[in-house]
1. Sorted from largest down, what three extents in whole angstroms do the Cα atoms of the range 17-157 have along their principal axes?
2. So with the 1.4 Å probe, I'd like the accessible area per residue for the chain, rounded to whole Å².
3. First measure r as the distance between the Cβ atoms of Thr205 and Arg137, then evaluate 1/(1 + (r/R0)^6) with R0 = 25 Å and state the FRET efficiency to the nearest 0.05.
4. Amide H neighbours of Glu173 under 5 Å, at least 5 residues apart or on other chains, H built in the peptide plane: list them.
5. For the chain, set up a Gaussian network in which alpha carbons nearer than 10 Å are linked by springs, and say which option among Ala156, Ala146, Ala110 fluctuates the most.
6. What's the extension gain from His227 to Leu26 if we count 0.36 nm per residue and subtract their Cα-Cα distance?
7. Quick one: P(r) of the range 160-211 from all Cα-Cα pairs, 10 Å bins, percents rounded to integers, in order of increasing distance.
8. Figure the gain on full extension for Ala33 and Glu269 (residue separation times 0.36 nm, minus the Cα-Cα span) and round it to one decimal in nm.
Amino acid sequence: MELWNSTLGSGFILMGILKDSDSPELLCAMVTALYIVALTSNGLLLLVITVDARLHVPMYLLLGQLSLMDLLFTTVVSPKALVDFLRQENTISFGGCALQMFLALTLGGAEDLLLAFMAYDRYVAICHPLNYMVLMRPRVCWLMVATPWILASLNALGHTVYTLHFPFCLSREIRHLLCEIPPLLKLACADTSKYELMVYVTGVTFLLLPLSVIVASYILILFTVLHTSSNEGRQKALVTCSSHLAVVGLFYGAAASMYVLPSSFHSPEQDNIISVFYTIITPALNPLIYSLRNKEVMGALRRVLRKYNLLTPSTL
């Protein structure tokens with residue numbers, strides 16, 4: 001089969017979910033609405049956490065990082081997909097594909113690790129409240145913030161370089177919403193079986209190891225909460241933890257389906273739906289899940305809106 005030089009050619013063609021949909025206009029409107037919700041809700045949550053001094057605690061520092069990752073993650077994918085649909089042009093350059101893959105892998109991997117640190121923070125707060133400020137001192141908190149970004153970016157760089165070093169066939173159509181490893185490997189005119197095994201191993205490492213930390217943390221939290229005599233304290237702990245578990249379920253379910261399931265279980269239609277879920281839907285839902293069920297966040301939001309004269313006493 002004839003090969004093409006991807007570094008000199010016109011790049012790839014992204015045949016995403018908007019292109020193959022039976023109702024592309026409706027789907028485009030839904031993606032636009034979800035992107036606006038993700039931008040607004042994550043941006044507002046970041047603003048509230050930054051401005052309100054009462055939220056300058058480890059839990060909300062980590063939550064702010066999650067909002068930042070979600071905001072960037074959906075921005076890597078949604079604008080490109082929407083502009084391509086409106087312009088009826090689905091091409092992406094080789095460099096653009098590499099950049100999109102690197103950013104998506106970095107942000108996805110960083111969020112994956114951050115969710116494990118957030119579970120540990122809840123474990124310390126509920127199971128060891130007297131030692132919380134010692135175990136979650138500022139140096140530890142900033143280490144929790146930096147570690148996901150560093151490890152995820154190194155992992156993303158390695159995968160991006162190695163995935164795009166393969167020779168690609170004459171067909172340049174990526175039947176996917178964005179440049180990701182599984183659909184790109186289907187275009188490679190080379191034996192990718194060993195690399196697919198490496199992708200599987202790193203996927204298991206980045207997904208299942210943090211997930212095991214989350215599960216262990218919440219099992220310990222559950223035992224502690226069940227032995228709490230205060231009904232109010234038990235209810236507050238369960239509300240906080242249930243919000244986090246909802247986010248974990250949304251993110252890990254989609255990511256595991258993409259990077260842990262063997263390639264024989266993948267189809268372009270299934271992969272497109274999964275990618276939409278964790279790059280567009282989840283970033284829009286995460287801040288709503290956290291903020292609407294969190295009295296401290298809602299109270300801080302009211303204080304910020306009053307500060308900038310955007311909320312009158314009659315609307316409280």
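The values are calculated or read from the model by the stated rules, or taken from the named source; none is laboratory data. As the structure is a prediction and not an experimental result, all values here were calculated from the model. All Cβ positions, glycine included, derive from the backbone under ideal geometry; neighbour counts span all protein chains shown. Accessible surface is based on the protein model in full, side chains and every heavy atom, while ligands, DNA and RNA are left aside. Shrake-Rupley method; radii C 1.70, N 1.55, O 1.52, S 1.80 Å.
1. Cα spread of the range 17-157 along its principal axes, largest to smallest: 58, 30, 24 Å.
2. Working: 15610 Å² over 316 residues.
Roughly 49 Å² per residue, with all protein chains present.
3. Working: r = 28 Å, r/R0 = 1.12.
About 0.35, to the nearest 0.05.
4. Placed amide hydrogens put Ile13 under 5 Å from Glu173.
5. Checking each option, the largest mean-square fluctuation is seen for Ala146.
6. Working: separation 201, 0.36 × 201 = 72.36 nm, distance 5.00 nm.
Residue separation times 0.36 nm, minus the Cα-Cα distance, leaves 67.4 nm.
7. 23, 49, 23, 5
8. Details: separation 236, 0.36 × 236 = 84.96 nm, distance 2.19 nm.
Taking Ala33 through Glu269 to full extension adds about 82.8 nm, to one decimal.
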